[in-house]
Structure formats: structure tokens, C-alpha cells
Amino acid sequence: MNILLLGPQGSGKGTQAKRISAEFGIPHIATGDMLRVAMEAETPLGLRVKPIYEAGRLVPDEIMIELIRERLEEPDAADGFVLDGFPRTTPQADALDAMLREIGRELTVVFALQVSDEICIERLLKRAREEGRPDDTPEGIRTRLELYHRETEPLVEHYRAQGHLVTIHADGTPNEVFAEIQAALEQVAVR
């Protein structure tokens, strides 16, 4: 089962990806975490990415695709994966689609976690207080939400056109959201 999660920051992508991973025994592939691990381990890819990341620039799409491809070739991803944090733009989605075709895989389902900006802001400010996240300021959150609406939200239609999209109401509790995801996955398994 190859799953992609889309949604703004604060929609619960990471929380739900971890639950899907645990429930179905497939790896949670969070691209941000993968970059940090590669940099800390000083892998060849990590060494290429580090100066880009430290300068605050976006890692080029081709490097991200290479990183994901490497990860999908690991044995634990043979039965599926949960991808979280990529793609964020239409060119990235096209590159991901092409790479998956090259390795003979395709997305089973794309979950679009839908939640209001107000709830995202509330959740992210709470996270900032609890985890001491310096990037979760009201201004930073609003900027990231604007970027999401401009760059990433169009991917909802990209995947709807492919017939992979399932919309999830992500404004409930984590358990309510997961129950909706589980019900959708049961429907996908029947198809």
C-alpha cells in the first residue's frame, strides 16, 4: 500500500503517517527527517544537501527524488510506504510520478487532510509552546500556510485527476481522523 499525505502544516500529517505506519507495518517516509539523518550521518547525499539546507534554501527536486528513490529501495518499503512532506509543488509531483513509474510502483491512495487555517494556527502555536519550536511564530505559520495554498494545494486536483485522491476531514481529534483514514483504506483494499 503506497500512501501519500497532503495537507497544510498543523493538519496532522506526521501524526497520522506514524499511525498508518504502525498499523500497516509500512515505513513512514518524512522527507525532512530523511534530510536531517543524511546530513548527520554525512552520507554522500547528506554532504551535498548540508550547505543548501544551512543556507536556508530549498533542496533541489532532483536530490529529493533521489533520496526518496533510495529509501523506497530499502527492504522495509517493499510492501508499501507512507510519504509525508513531498511533493509540495506540481513539478515535484510530476517528478515523483515519473520516478515511481520507473521503479514499477504507483500511489495506492493520496489523502488530502483538510482543515481550516484557524485550526492549523491554533495547533502549531500549541506545538510551539509544548516543543519550543522557534519556527512556529504566528507570522511564520501564516507565511507557510500561504505558501501551502499557493504551491501545494493545487496537487489536490493533480491527484484527483489521477483517481487517487481521498479527502479526509482533519479538524477532529487524532483518533477521529485516523478512524476516517482506516475506513478509506478498507475501501481502497476492496477495489
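The values are calculated or read from the model by the stated rules, or taken from the named source; none is laboratory data. Quantities reported herein were computed from a predicted structural model and do not represent experimental measurements. Every residue, glycine as well, gets a Cβ built from its backbone with ideal geometry; the counts of neighbours run over all protein chains shown.
Can you find a residue that is of a type in the set (D, E, K, R), at pLDDT below 95 and surrounded by fewer than 19 Cβ atoms within 10 Å (Cβ to Cβ) anywhere in region 87-100? Within region 87-100, one or more residues are of a type in the set (D, E, K, R), at pLDDT below 95 and surrounded by fewer than 19 Cβ atoms within 10 Å (Cβ to Cβ).
Can you spot a residue in region 174-186 that is within 24 Å of A95 (Cβ to Cβ) and loosely packed, with under 12 Cβ neighbours inside 10 Å? Within region 174-186, none of the residues are within 24 Å of A95 (Cβ to Cβ) and loosely packed, with under 12 Cβ neighbours inside 10 Å.
When region 43-57 is filtered for residues that are loosely packed, with under 11 Cβ neighbours inside 10 Å, assigned to a loop (DSSP other than H, G, I, E, B) and at negative phi, the ones remaining, listed by number, are A55, R57. Counting only strands (runs of 3 or more DSSP E) that sit wholly inside region 80-191, those with at least 2 residues that are in contact with a Leu (Cβ under 6 Å, 6 or more places away or on another chain) are 81-84, 109-114.
When A128 is tested against (1) touching a helix residue (DSSP H, G or I) at 6+ places or on another chain (Cβ under 7 Å); (2) modelled with pLDDT under 90; (3) surrounded by 16 or more Cβ atoms within 10 Å (Cβ to Cβ), exactly one condition is not met: (1).
Of all the criteria given as (1) more than 25 Å from A179 (Cα to Cα); (2) among the basic types (K, R); (3) surrounded by 17 or more Cβ atoms within 10 Å (Cβ to Cβ), the one not satisfied by R19 is (1).
Here L125, L107, L113, L100 are screened, and the one residue that is touching a Ser or Thr at 6+ places or on another chain (Cβ under 6 Å) and either more than 21 Å from F24 (Cα to Cα) or touching a residue at least 60 places away in the same chain (Cβ under 8 Å) (or both) is L113. Here V37 clears all of (1) at positive phi; (2) assigned to a helix (DSSP H, G or I) except the condition numbered (1). Considering region 71-86, the residues that are surrounded by 14 or more Cβ atoms within 10 Å (Cβ to Cβ) and of a type outside the set (A, V, I, L, M) include one that is modelled with the lowest pLDDT, namely G85.
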